[in-house]
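Following: one structure in structure tokens, then a few remarks.
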Amino acid sequence: MLGRLKKALKNLVNEVVKSGTKEAPPEVSEEAPPEVSPPPKEYPPKEKKGLLARVKEAVAYKEIDVKKLEPILEEYVLLLSELDVAYEVAEELMEQFKKKLAGVKIRRGMDEREVVEKALREAILSLISIPSFDLVEEAKKARAEGRVLKVMFMGVNGVGKTTTIAKVAYMLKKEGLTPVLAAADTFRAGAVEQLKTHAQRLGVPIITKPYGSDPASVAYDAIEYAKARGFSVVLIDTAGRMHVDADLMNELRKVARVAEPDYKILVLDALTGNDAVEQAKFFDEAVGVDAVILTKVDADAKGGAVLSVASTIKKPVLYLGVGQNYEDLIKFDPKWFVERLLGEEK
């Protein structure tokens, strides 16, 4: 997971350490000599750092030469874009990295790698640290307030949307919250049966209608069922044709109008790389996206999709799918992600 991106960022740190430091020059002033007459006693002159002190500082510190690093950083913009980091995100990351390094002085004897790595960590975090929410906590809050939390899931075919809904249902059940599933994908053959199978395994109720039925009516019926029987969460599955399908987008807008979901969550496949970024942009503009779940992250050798999606649409990544089992859904934490990229292997 994330192997190639991790390797590239490690190499970047090494190259910066190797090429980017220079001797900190003494701050020799070229000002004209002061006037001979001293200032009045009641206004003593401010004390300036003496030449000897400046020379001592230059001997004690090295400085990051940002100008010298520019060709390296430009090269890494291209390299990161080959690892599924969106080009504009790679550019922004290198720009933030450069700002974090500018003017940094490293005391002799300090580990230069630690200083450079800290700057890169901060640069990555500045791109992906987006205010988020916890679905479980939101569901508990809804239950305490006597209302139904409505969550609508979107995504193109093949991203693992239905399986992800089952994983979320499993997570909620573990916390004592039984969700109602709404099989509102009445278009794809087998979609209803697939969700039914998960519902039976998990022991949660599911609302279905025949294929070709109005998806919005399925969502509505599931919400009414939950209200009538005291359930506090409804998870709504939706159709997943290509994101450029105008009919699909109109259908999703209608489901959203009728169901009035608290959250619209987009499910994306990490293996699709930059296409995941394009899908995120399209869904956000067409329907609106509140958060993202990325699937198949365990099989993603490049790793750039996680970084790109959060940074591009400025919406939080809630969870990462890291396997086929119900429990293989982990909460996304930006600091954990950066540690996976830059931390040492254990």
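Take the Cβ atoms of GLU114 and ALA301, set R0 to 25 Å, and the FRET efficiency comes out at 0.35. Computed on protein heavy atoms with a 1.4 Å probe, the accessible areas place MET171, MET249 in the order MET171, MET249, largest first.
The share of accessible area on segment 168-294 that comes from carbon and sulfur is 48 percent, using a 1.4 angstrom probe. Measuring nothing but how far apart in sequence close Cα pairs (under 8 Å, 6+ apart) lie, relative to its length, segment 69-174 scores a relative contact order of 16 percent.
Is the shape of segment 83-167 rounded, prolate or oblate, going by the alpha carbon gyration tensor and its root eigenvalues a ≥ b ≥ c, with a/c under 1.5 for rounded and a/b larger than b/c for prolate?
In terms of gyration-tensor shape, prolate.
With both labels modelled 7 Å from their Cα along Cα-to-Cβ, the ASP247 to SER217 distance reads 1.8 nm.
Placing dummy labels 7 Å off each Cα toward the beta-carbon, the span from GLU327 to TYR87 is 4.5 nm.
Sort segment 50-193 into rounded, prolate or oblate with this rule: let a ≥ b ≥ c be the square roots of the eigenvalues of the Cα gyration tensor; rounded if a/c is under 1.5, and if a/c is not under 1.5, prolate when a/b is larger than b/c, oblate otherwise. Because a/c hits 1.5 or more and a/b exceeds b/c, segment 50-193 counts as prolate. Taking Cα centre as origin and charging only the Cβ of basic (Lys, Arg, +1) and acidic (Asp, Glu, -1) residues, the dipole magnitude of segment 265-346 rounds to 180 debye. Calculated accessible area for segment 272-346 comes out at 41 Å² per residue, all protein chains present (probe 1.4 Å; ligands, DNA, RNA ignored). Ligands, DNA and RNA excluded, the heavy atoms of LYS118 present near 120 Å² of accessible surface to a 1.4 Å solvent probe. Using a/c under 1.5 as the rounded threshold, could you call segment 234-346 rounded, prolate or oblate? The axes a ≥ b ≥ c are square roots of the C-alpha gyration tensor eigenvalues, and prolate needs a/b larger than b/c, oblate otherwise. Note, shape of segment 234-346 comes out prolate.
Working out 0.36 nm times the residue gap between GLU145 and SER129, then minus their Cα-Cα distance, what length gain in nm do you get to one decimal?
The span from GLU145 to SER129 would gain 2.8 nm if fully extended.
The values are calculated or read from the model by the stated rules, or taken from the named source; none is laboratory data. The shown structure was predicted, so the numbers you read here are calculated from the model rather than taken from an experiment. Counting neighbours? That spans all protein chains shown, and the Cβs are built from the backbone with ideal geometry, glycine included. To get the accessible areas, we keep the full protein, side chains included, count just its heavy atoms, and leave off ligands, DNA and RNA. Shrake-Rupley method; radii C 1.70, N 1.55, O 1.52, S 1.80 Å.
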